[in-house]
Amino acid sequence: MKITSIFTALALALASVLSACSSNPKVPAATVSELAPGGTLRAAINLGNPILATRDPATGQARGVSVDLSRELAQRLGVKLELITFTSAGQVVEAVKEAKVDIAFVAIDPVRGADIGYSAAYVVIEGAYMVRNNSPIQRNEEVDRPGIRIAVGLGSAYDLFLKREIKAATLVRAPTSPAVTDLFMAQNLDVAAGVKQQLQMDAQRTPGLRLLDGRFMVINQAIGTPKARTASIAYLREFVEDMKASGFVGAALKRHGIEGAAVAELAPKK
């Protein structure tokens, strides 16, 4: 009986290992070396977007959905992880262009697409407008008018989008997205544009502000890597789809208490 039990236990253990291998196949060595040169995956973490990452007030370490995805990716690749923090999306994009990082969590944008290859979106977030309570502006459609000045984070997805879409209003750029509301207040601007969740937090700490109903854009957040790394791009696309389908992304949003963001739909199968 004891021998039978031992063989049964071994068989179950082997089945578990085989199951794990089938759901997480070994990544080709060429892909690993392209994604993590030197055996370390350098992940750009944007602390300027609270939906993606924030700094833990107790430890000072970065935490959030993008951090969790970075750790899972490094584990699957079998490499070390280095988290490199930035305060704005513009800084992150420049780091990718200069090959100072291997992956970045950025919004999909055609301008950035000239240098960055993307996975499909893993999270969808909303861009919103904020005004003062006494502002005559009531709807998103009323923002793009002559004389209206809009505060926006330099190089952010909102900056790139509004630069293409705004025809009459004027964009005034803050150095980072978290600094938008401070610039908006200091220069007595008409509108602040940014991540809805960030603006909601700003409105709570600054009396006399309100968000306009709805959204002016939808931001598809993806994992990016230098465009020349074709094997990396292909693997990141597979990785992101697995993270969405398995519930990993949804669980991370819930774990970090993120509201105002949703798991992106699975990419259609070809």
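A dipole drawn for the chain from +1 and -1 charges on Cβ atoms has a positive end, and of GLY78, TYR235, VAL263 the residue lying farthest that way is GLY78.
For the options LEU35, LEU212, LEU253, a Gaussian network treatment of the chain with springs between C-alpha atoms closer than 10 Å singles out LEU212 as fluctuating the most.
Only helices reaching 30 angstrom along their own axis (Cα) with mean Kyte-Doolittle hydropathy no lower than 1.0 count here, and for the DSSP H runs of the chain these are 2-23.
All other residues whose Cβ lies under 12 angstrom from that of LYS244 are scored, Lys and Arg at +1 and Asp and Glu at -1, for a net of -3. For a test of the definition: using alpha carbon positions, the gyration tensor, and the 1.5 limit on a/c, classify segment 125-217 as rounded, prolate or oblate. Note, shape of segment 125-217 comes out rounded. Summing charges over neighbours of ALA264, with a neighbour being any other residue whose Cβ is under 12 Å away from its Cβ, gives -1 when K and R count +1 and D and E count -1. Summarising the label geometry, the points placed 7 Å from Cα in the beta-carbon direction at GLU82 and ALA251 lie 3.0 nm from one another. Out of VAL195, VAL172, VAL111, any idea which swings most in a Gaussian network model of the chain, alpha carbons joined below 10 Å? Between VAL195, VAL172, VAL111, it is VAL111 that shows the largest mean-square fluctuation.
Taken together, the values in this text are just the output of simple stated rules run on the coordinates, not laboratory data. Note that the coordinates shown come from a computational prediction; the quantities given were computed from them, not determined experimentally. Note that each Cβ is placed from the backbone with ideal geometry, even for glycine, and that neighbours are counted across all protein chains shown.
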